[in-house]
Amino acid sequence: MKGLYFQQSSANEEITFVFQERENLPITEDNYVKLQVKACALSQINTKLLAELKMERDYFPVGREVAGVVLDVGSKVSFLQPDDEVVGILPLDSEDAGLCEVARVHEHYLVHKPEKVTWAEAAGTVRDGVRAYTALHYLSHLSPGKSVLIMDGASALGTIAIQLAQHRGARVISTVSSLEDKQCLERFRPPLARVVDISNGKAHIAESCLEETGGLGVDIVLDAGVRLYSRDDDASPKAKHLPHKHDIITLLAVGGHWVTTEENLQLDPPDSHCLFLKGATVAFLNEEVWNLSNAQQGKYLCILKDVMEKLSAGVFRPQLDEPIPLYEAKVSMEVVQKNQARKKQVVQF
């Protein structure tokens, strides 16, 4: 039984993906279930976080967003039975790869998959659904009538976040950096309040948002990264389409919430003073916190269930690529790790 793993010799080196033969899983015990994996979505691996948590192994398992059928349950399992169709996210310290035909999973990381939802949809939506919920509900308290700016709205996370915000009655503004992405967002129903094309450098995100909100500013901002320095100081091509941190602070409304994916965000005293005058908050989006604290387990399972219910009801319509077979997973994972895939990649067994 083959599984996909990755190896990294030092923190700054590129990681290499390898298929490895696995021994048969031990007999299922306690709160664990044996899961026949039907689909596994691919996401970037945060090697820096693994290093900070002192997770040191020769080979790390690959693939965490899984959907499948329960084959066997341990003696203490109370929520699941054999033949149940389930979906979930394997924890950071999982010993089993999701990119394998069979995996061993603790029952508290799984919820039932609705019948109407396909394997690929379930696996491909669960993580971005958790991220969108964490950002918009728990970090910024989304409510009807709020104005929301979602950067890079045509990305896998951006799409789900837009749909969740619209479902809650928010007015959504989003940015795009290509014609294809713009056409994608223009097909949304209900339509977005405004789509700001920042590809040519002519549109100014702060001016566009203030114009759209009558000068009041945006209540909630979910970024996809920010520039910390002026355009001349940051030569990376990725930074070219990112907004500057001053733009975000400028367009925030009084009492606004800025949810950032930038883990190394640096705010100078004038930035902090401006946020203080607005009574605004900055929150960091790290979806792994749910699994790093047992006290949040109940909330986390509620989020997973709600994501699946909204997927079943058609509220969430994920941007998925065509499912790929397991033997193509290594090549696809290399593309995902370099952040070169726009749509969600899903391996189907």
Linear extension gain, R168 paired with Q20, 0.36 nm per residue minus alpha-carbon span:
48.8 nm
Cubic angstrom per residue, convex hull over Cα atoms of the chain:
143
Using a 1.4 angstrom probe and counting only protein chains, how large is the accessible area of V336 in Å², to 10?
20
Tell me the trypsin sites (Lys or Arg not before Pro) within the stretch 181-224 that lie in a loop according to DSSP and have at most 10 other beta-carbon atoms within 10 Å.
R187, K202
Per-residue ellipticity at 222 nm for the chain, helices alone: DSSP H runs ≥ 4 residues times -39500 (n - 2.57), over residue total, nearest 500 deg cm²/dmol?
-8000 deg cm²/dmol
Which residue fluctuates the most in the chain, going by a Gaussian network model with Cα springs under 10 Å, if the choices are A51, A156, A132?
A51
In sequence order, calculated HN-Hα J values of the stretch 139-154 (Karplus, 6.51, -1.76, 1.60; Hz; x Gly/Pro):
9, 9, 6, 4, 8, x, x, 6, 9, 10, 9, 10, 6, 6, x, 8
Any residue on another chain or 5+ positions along whose placed amide H is under 5 Å from the amide H of I324 is listed here as V346, V347, Q348
Please enumerate, by chain and number, the aspartates and glutamates with C-alpha under 12 Å from the C-alpha of K305, excluding those fewer than 8 residues away in the same chain.
none
What is the sum of charges around V259, taking Lys and Arg as +1, Asp and Glu as -1, for the other residues whose C-beta is under 12 Å from the C-beta of V259?
-3
Using a Gaussian network model of the chain whose springs link C-alpha atoms within less than 10 Å, name the residue from E334, E14, E95 with the highest mean-square fluctuation.
E14
If you roll a 1.4 angstrom probe over the protein chains with everything in place, what fraction of the accessible area of the stretch 207-310 belongs to carbon and sulfur, to the nearest %?
54
Amide hydrogen neighbours beyond the local backbone of R227, cut-off 5 Å, H modeled:
H244, K245
From most to least accessible, 1.4 Å probe, no ligand or DNA/RNA atoms counted, E328, E56, E262 line up as E56, E328, E262
Cα centre as origin, Lys/Arg/Asp/Glu Cβ charges: the chain dipole, Debye:
880
May I ask which of K245/K343; K48/K310; K54/K330; K34/K338; K34/K330; K54/K116 have a Cα-Cα span longer than 30 Å here?
K48/K310; K34/K338; K54/K116
Given a 1.4 Å probe and heavy atoms of the protein chains only, how would you sort F276, F188, largest accessible area at the top?
F276, F188
Does anyone have the angle between helix 297-313 and the longest principal axis of the chain? Alpha-carbon axes, 0 to 90°, nearest 10?
80
Not counting ligands, DNA or RNA, and with a 1.4 Å probe, what is E309's accessible surface area in Å² rounded to the nearest 10?
110
Straight-line reach from K76: which aspartates and glutamates fall under 15 Å, measuring Cα to Cα and dropping same-chain residues less than 8 apart?
E29, D30, E107
Highest GNM mean-square fluctuation, the chain, Cα pairs closer than 10 Å: which of L25, L275, L252?
L25
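The values are calculated or read from the model by the stated rules, or taken from the named source; none is laboratory data. Since this is a predicted model, take the numbers as computed values, not measurements. Virtual Cβ from ideal backbone geometry, glycine too; neighbours counted across all protein chains shown. Keep in mind that these areas ignore ligands, DNA and RNA; they rest on the heavy atoms of the full protein, side chains included. Shrake-Rupley method; radii C 1.70, N 1.55, O 1.52, S 1.80 Å.
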